[in-house]
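Novice: Below: one structure in structure tokens.
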């Protein structure tokens, strides 16, 4: 393998060679800021996935280093994120009971499978598959997930037990237990939430007014959760809130991330395969979107297929070091970027910072109330909720609105897997529906020019013996027959003797398209009509020349449509007929070959039938 | 309902009004010929579906009349056909034991469900769904079905019991029982097969040499099975072959078709729903193809959505009159057409002929050997087998070849449902794969003109500060991001200050496409680059004007690409650079935004970075 292609798979060889003192100091500063932010965030997302708090920290150490080696983004920070943590809880909740050793182990298996899928997709260059998650589906899914996450954390604000992976389950469980709410917990949770909301909305403008730079104000704002953590931990310690029924984090093991072996029984792998695939794809989409946003700001670029390998390595790393599924997070990456991170080394330094935290700081977190973590989660995910997408999609396209609405409703009602799957299938179905109804126009010559335009929109000249048809789509198996039906119904009972198919918009003709053209040629021949083509593109023509179609074609292939009309018009010897747009009562039936439309076409009296067999 | 729209749903009101003596005599003659052909064919297809022989005759009476009322083809003859009979046997074989009353009743339920699906699809105008069965899938499926049918009939030629719905099952069962072959049966079967093959290949040319018209020779040829039936029946009666172990048709009930009530238990309906849907769609596709072929010969037209209703009515009729699933058959329709049928009344007269046969002729069929029927089936279906499709598809397109091959293999190996389903899914997947990789070209100005062409194919002028991009596809959720990636990797480290997207080939921008453009605009802005559009189509522009995109666009929308280059080139003040096609080492990477390609682009040294945030 040449150094260049090796660098492709190991981007570290590229930036590592040029690493200098200036980059080092930028990276160190960014790492310190990110570390401070990540400690409470890691604990919170572990709690969201109903995993022990240390899992979240472990999941930010090895993955960050592995991503630094294999990933292509300079600023992406990898670790547990809200949506993936929610999906993790939903997935492993189906194979093990919360709080058991099996549950924690299942998270490792999920991370390993998800990492394996990512690496596999990267090696096979399947990154493009993520494109099949349309924006409406992603937006709907993220919004619904944000709502589910926020609601799932209400139990921690109230200090009650509650369960459920879907909105109806959660609401039922919450209303069942709401009477058991602990007031101390509620006080801490509500205060922390209010404080964090103020930090998010009120603090930044205040800091800007005080003269801080936008970047610095952003970093300070992101430190809000740390302040809430410190304050409520001190409060809980001072007032002994744990004896008053306030759930606290408690003992977090001190030490290096453990070496873990994810269990790989066939049953477990089978049960987790689909969730792992969805987590991979959704994590990848989120991560690439963050990475691209940051890379564009510096005219850098990321390589999506290599990102798959970077994220895959990160997840595999997480699975062997006591972690959970991870991906590139928005908030942490933006902080990293704003704090001045220049290379992935910033990530490695962050990992060292977290390692120190895991070794030394965890006892300080003993009294941290879970309600505070819940508050940080709720405030963080509320920014994911974007119900305005419904309005925007509705205004733009009803099909896209349907995809958003179905994704949101199914995610809320039946969980994340059902929501995403239904959204993707619906998007594809709507796309195929649209693509299966190509726009077909009868064209005529704009007087005095060589241009041909839709006879329904323009004043054009036509020849009753020649039917000029333009299809604005490639000819593929699911739309070619529409063209055939259209032409066959258009010629029924008409005096047409030549059909000229203007192929200027046909980028491809697949085998079904070819056979449809052959059938059309044959059927038109039976009716005594010649079929001609015009403006066929080079690559399409190359393929047609490998078949017998051109030999059997009753008519000719013309370079331009104008050539065709000139040659055939002279031969047919008929005079041109002037049509005006007003001959056409409405534009609405355009492209539909059905009866009503045909009847609207002012057609000469039926000629003697051509019975040529 | 107006008479016109009533006639739309009841085509009989249209042709019935103009019916005259000439049409009557043509129709009567055609009906006589078709009746003679249909008696053995109906028995054979009932045997293929392992149903009592009379079922096939009953299934040709009520359905033919109902199709005459509701269908739009003038010549289509409806009844049991080979592929649908095979699918029927496979479907009802899963819910009941062959030869039981439940098995016969399940055929009625299948016909009812299939009729209900057809009518429903017709009312909802879902005929276009059939287009998703690509030609390669249909061809592969029909070929594999023909092979399966021929092999399934070998047991009747050998006079042995054998079972199985798939090739491996059939082969195993046949080789197990081949030792029990009955020589008399084999002699009759082999002779009948050889005779029928000669009729098909040798008789028609001989008749033509004798001076018969092509039409008459065709009709005589189609009577071959009748001759075989008469001869072998007489032989079996004269030699008492039934006592020598030759299976004969035996007693066929004499009488009108019975009034039957298809059982509709939930279990049965659930079990038969998917097969019924497949039978509907495949029957519809076959039938429409036949009907269109015949209609085109007389410049008539059929209405696919109304055909669904006609075929649906026919199947529902079959289910209440002791029949089985039916559709428009190729052989019988061609005979009907060649014999001069002018209107669907010919079908009604055929139904009367079959009614007479059911009442009076069935005793004559007592001694008809089953081996003769098997021979007629084998010879009929061998014409369906077209393995040449593999070669033709391979030559034209590897994707289409894959669809044919998978459909054939899965149909043979796992049965008709698996084959069709896999074929359809594979076709869609391959289509989406191709559509997700749109052709993207960087364009430059052809010197001395206002035309812009791909810089890899033509000698064109470009401006290093302006990137002109043309995408040859609509912007949809699964390809828009490809454009974004392409542009972002192209501008990475380049001195580009303006990106102009030439949208001449963009027929639609969906919501994902819009958001991708918004992101692209935002990211380019971050990099200090303005995004412009040119040659946006009217309907696309209408939609964009309903959004905030045009307001936020950093650049402008130009009517023509030439306008854009003139305005921006002057502003950027840089001189044009002449590029030649030879600057581009190869055409192969076209449209791929990956690293290798970027490295092949001769790029000026990196400019000072624009850090605009």
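The values are calculated or read from the model by the stated rules, or taken from the named source; none is laboratory data. Because the structure is predicted, anything quoted here is derived from the model rather than measured. Every residue, glycine as well, gets a Cβ built from its backbone with ideal geometry; the counts of neighbours run over all protein chains shown.
Novice: Looking at B:371, B:357, can you tell me which residue is over 27 Å from the mean Cα position of the chain (by Cα) and closer than 19 Å to residue B:64 by Cβ? Explain how you work it out, then say what you get.
Specialist: Values: B:371 fails: closer than 19 Å to residue B:64 by Cβ.
Only one candidate qualifies: B:357.
Novice: Scanning for something within 30 Å of residue B:309 (Cα to Cα), touching a residue at least 60 places away in the same chain (Cβ under 8 Å) and in a loop (DSSP other than H, G, I, E, B), does the range B:129-143 turn up at least one residue?
Specialist: There is at least one residue in the range B:129-143 that is within 30 Å of residue B:309 (Cα to Cα), touching a residue at least 60 places away in the same chain (Cβ under 8 Å) and in a loop (DSSP other than H, G, I, E, B).
Novice: Considering only the range A:17-59, how many residues are modelled with pLDDT of 90 or more and more than 13 Å from residue A:85 (Cα to Cα)?
Specialist: Number satisfying all stated conditions: 3.
Novice: May I ask you to verify whether residue B:211 is in a loop (DSSP other than H, G, I, E, B) and loosely packed, with under 14 Cβ neighbours inside 10 Å?
Specialist: Yes, satisfied.
Novice: On to the next question. Name the residues in the range B:456-494 that are away from chain A (no Cβ under 12 Å) and under 18 Å from residue B:526 (Cα atoms), would you? Before you say what the answer is, go through the steps one by one.
Specialist: Narrowing the range B:456-494 to residues away from chain A (no Cβ under 12 Å): B:456, B:458-470.
Those that are away from chain A (no Cβ under 12 Å) and under 18 Å from residue B:526 (Cα atoms): B:465, B:466, B:467.
Novice: Tell me the helices (runs of 4 or more DSSP H) entirely within the range A:272-388 that contain at least 3 residues that are in contact with a helix residue (DSSP H, G or I) (Cβ under 7 Å, 6 or more places away or on another chain) and farther than 26 Å from residue A:234 by Cβ. Write out each step before concluding.
Specialist: Details: elements: A:304-320, A:330-338, A:345-356, A:370-382.
Counting at least 3 such residues, we get A:304-320, A:330-338, A:345-356.
One line per residue, one yes/no per condition, for (1) modelled with pLDDT of 50 or more; (2) facing chain B (nearest Cβ under 9 Å):
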| site | (1), (2) |
| --- | --- |
| A:521 | yes, no |
| A:530 | yes, no |
| A:533 | yes, no |
| A:566 | yes, no |
| A:589 | no, no |
| A:594 | no, yes |
| A:603 | no, no |
| A:612 | no, yes |
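Novice: Here's a follow-up. Only one residue in A:514, A:432 is buried (at least 21 other Cβ atoms within 10 Å of the Cβ) and under 22 Å from residue B:288 (Cβ atoms). Which one? Working first, answer last.
Specialist: Working: A:432 fails: buried (at least 21 other Cβ atoms within 10 Å of the Cβ).
Of the residues listed, the single one that is buried (at least 21 other Cβ atoms within 10 Å of the Cβ) and under 22 Å from residue B:288 (Cβ atoms) is A:514.
Novice: Another question, then. Of the residues that make up the range A:351-369, is at least one touching a residue at least 40 places away in the same chain (Cβ under 8 Å) and within 13 Å of residue A:78 (Cβ to Cβ)?
Specialist: Yes, that holds for at least one residue.
Novice: Residues of the range A:240-257 being touching a helix residue (DSSP H, G or I) at 6+ places or on another chain (Cβ under 8 Å) and part of a helix (DSSP H, G or I), which ones?
Specialist: Matches in the range A:240-257: A:241, A:242, A:244.
Novice: Tell me whether the range A:401-417 contains one or more residues that are more than 10 Å from chain B (Cβ to nearest Cβ) and closer than 30 Å to residue A:527 by Cα. Steps first, answer last, please.
Specialist: Taking the range A:401-417 first, the residues more than 10 Å from chain B (Cβ to nearest Cβ) are A:402, A:405-417.
Next, only the ones that are closer than 30 Å to residue A:527 by Cα stay: none.
No.
Novice: Assess whether residue B:225 counts as being crowded, with 18+ Cβ neighbours inside 10 Å and closer than 25 Å to residue B:182 by Cβ.
Specialist: Working: crowded, with 18+ Cβ neighbours inside 10 Å: yes; closer than 25 Å to residue B:182 by Cβ: yes.
Yes, satisfied.
Novice: Sticking with this structure for a sec: Evaluate the following for residue A:303: is it under 30 Å from residue A:155 (Cβ atoms) and either surrounded by 23 or more Cβ atoms within 10 Å (Cβ to Cβ) or under 23 Å from the mean Cα position of the chain (by Cα) (or both)?
Specialist: Working: under 30 Å from residue A:155 (Cβ atoms): no; either surrounded by 23 or more Cβ atoms within 10 Å (Cβ to Cβ) or under 23 Å from the mean Cα position of the chain (by Cα) (or both): yes.
Against the criterion (under 30 Å from residue A:155 (Cβ atoms) and either surrounded by 23 or more Cβ atoms within 10 Å (Cβ to Cβ) or under 23 Å from the mean Cα position of the chain (by Cα) (or both)), residue A:303 does not qualify.
Novice: Check every one of the helices (runs of 4 or more DSSP H) wholly within the range B:436-547 and list those with 3 or more residues that are farther than 25 Å from residue A:297 by Cα. Talk me through it step by step, then tell me what you get.
Specialist: Values: elements: B:480-491, B:511-526, B:538-544.
Filter on the range B:436-547 gives B:538-544.
Novice: A further question on this structure: Of A:469, A:496, which residue is without any contact (Cβ under 8 Å) to a residue 40 or more places away in the chain, more than 23 Å from residue A:543 (Cβ to Cβ) and in contact with a strand residue (DSSP E or B) (Cβ under 7 Å, 6 or more places away or on another chain)?
Specialist: Selected residue: A:496, the only one of A:469, A:496 that is without any contact (Cβ under 8 Å) to a residue 40 or more places away in the chain, more than 23 Å from residue A:543 (Cβ to Cβ) and in contact with a strand residue (DSSP E or B) (Cβ under 7 Å, 6 or more places away or on another chain).
Novice: Right, here's the next one. Which numbered condition trips up residue A:505, out of (1) surrounded by fewer than 24 Cβ atoms within 10 Å (Cβ to Cβ); (2) within 7 Å of another protein chain (Cβ to nearest Cβ)?
Specialist: (2)
Novice: Go through the range B:548-564 residue by residue and tally those that are outside any helix (DSSP H, G or I) and touching a helix residue (DSSP H, G or I) at 6+ places or on another chain (Cβ under 9 Å). Let's see the steps before the verdict.
Specialist: Looking only at the range B:548-564, we keep the residues that are outside any helix (DSSP H, G or I), and these are B:548, B:553-560.
Restricting the remaining residues to those that are touching a helix residue (DSSP H, G or I) at 6+ places or on another chain (Cβ under 9 Å) gives B:548, B:553-558.
Looking only at that region, the number is 7.
Novice: Select from the range B:535-563 the residues that are closer than 16 Å to residue B:504 by Cα and modelled with pLDDT of 90 or more and write down the one among them that is farthest from the chain's Cα centre (by Cα). Steps first, please.
Specialist: Here is the first cut: in the range B:535-563, the residues closer than 16 Å to residue B:504 by Cα are B:535-544, B:556-563.
Of the ones still in play, those that are also modelled with pLDDT of 90 or more are B:544, B:556-557.
Working: B:544: 37, B:556: 46, B:557: 43 Å.
Residue satisfying both the conditions and the ranking: B:556.
Novice: Within the set of pairs 6+ apart or on separate chains, which have a first residue in the range B:388-406 that is in the same structural domain as residue B:420 (by TED's automatic domain parsing), a second that is part of a loop (DSSP other than H, G, I, E, B), and C-beta atoms under 7 Å apart?
Specialist: If the second residue must be part of a loop (DSSP other than H, G, I, E, B), the pairs left are B:395/A:546; B:396/A:546; B:396/A:547; B:397/A:510; B:400/A:510; B:403/B:134.
Novice: Continuing with the same structure: Looking at residue B:219, is it surrounded by 15 or more Cβ atoms within 10 Å (Cβ to Cβ) and assigned to a loop (DSSP other than H, G, I, E, B)? Let's see the steps before the verdict.
Specialist: Working: surrounded by 15 or more Cβ atoms within 10 Å (Cβ to Cβ): yes; assigned to a loop (DSSP other than H, G, I, E, B): no.
No: the conditions fail for residue B:219.
Novice: Is it the case that the range A:317-332 has a residue that's within 15 Å of residue A:63 (Cβ to Cβ), in contact (Cβ under 8 Å) with a residue 12 or more places away in the chain and surrounded by fewer than 24 Cβ atoms within 10 Å (Cβ to Cβ)? Step through it out loud before you land on a result.
Specialist: From the range A:317-332, those within 15 Å of residue A:63 (Cβ to Cβ) are A:317-329, A:332; that's our starting set.
Now restrict to residues that are in contact (Cβ under 8 Å) with a residue 12 or more places away in the chain: A:317-329, A:332.
Next cut, surrounded by fewer than 24 Cβ atoms within 10 Å (Cβ to Cβ) only: A:320-321.
Yes, some residue in the range A:317-332 is within 15 Å of residue A:63 (Cβ to Cβ), in contact (Cβ under 8 Å) with a residue 12 or more places away in the chain and surrounded by fewer than 24 Cβ atoms within 10 Å (Cβ to Cβ).
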